[in-house]
Amino acid sequence: MIQQTRRVLNLLLCITACCVSLCAQTEKTITLRMLDGKSGKLIATSNFLVRIDHQQTVHGNWVVKNENGTGKLTVPGDATLLSVHATYDSAYSVYANCDVNKDSGSSVQGPALDRWYQISDILATGVMAPNNCVGKKASNHPQVFAIPGEFVFYVRRLNMMEQFHE
């Protein structure tokens, strides 16, 4: 009787360990690096707004700030697309992402203007979002590259007119 109980407990322990390891494998980890669109310098924040797969739900709690100012994002294993924004001024204002074309009619992003990035591309090669905030001054910026598992994007603060419309 005692041996049967031990076998059952060992079996349950093995099943639990397998389930935990499968759950851990299904999550994907991405490093977020947010840079100032004009200066190219890292902006260290923990106020990231993450959305996946064209869903409206924002997941700020999926990001943990690293010591170097980047963010560590953990997304579910079945997620395929990613959109990232961030806030400033005590989370009241949202940075404008620089990956939107200036000719899009509005420089303030909303769900209709979000750019979506393939998580598989981010994990395989790394992804650099375009920087449409600087124009010809981009040659003054230090050369920045994304490494596999890293998403790098440029932002800028809203101007007075954009803040008024917000």
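All of the numbers you see were taken from the coordinates with simple rules; none came from a lab. Note that this is a predicted model, so its numbers are computed, not measured. When we count neighbours, we look across all protein chains shown, and the Cβ atoms used for this are built from the backbone with ideal geometry, even at glycine.
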- What residues have an amide H closer than 5 Å to that of Tyr95, excluding those fewer than 5 places away on the same chain, when H is modeled at 1.01 Å from N in the peptide plane? Ala86, Thr87, Tyr88
- Task: Please work out the FRET efficiency for the pair Asp53 and Gln143, using the Cβ-Cβ distance as r and a Förster radius of 30 Å; give the result to the nearest 0.05.
- Result: 0.40
- Going by C-beta contacts inside 10 Å, put Met34, Met128, Met161 in order with the fewest on the left. Met161, Met128, Met34
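Sort Ser39, Ser83, Ser90, Ser120 so that the residue with the fewest other Cβ atoms within 10 Å of its own Cβ comes first and the one with the most comes last. Before the final figure, lay out each step's value.
On the way: Ser39 14, Ser83 21, Ser90 7, Ser120 11.
Starting with the residue having the fewest Cβ neighbours, the order is Ser90, Ser120, Ser39, Ser83.
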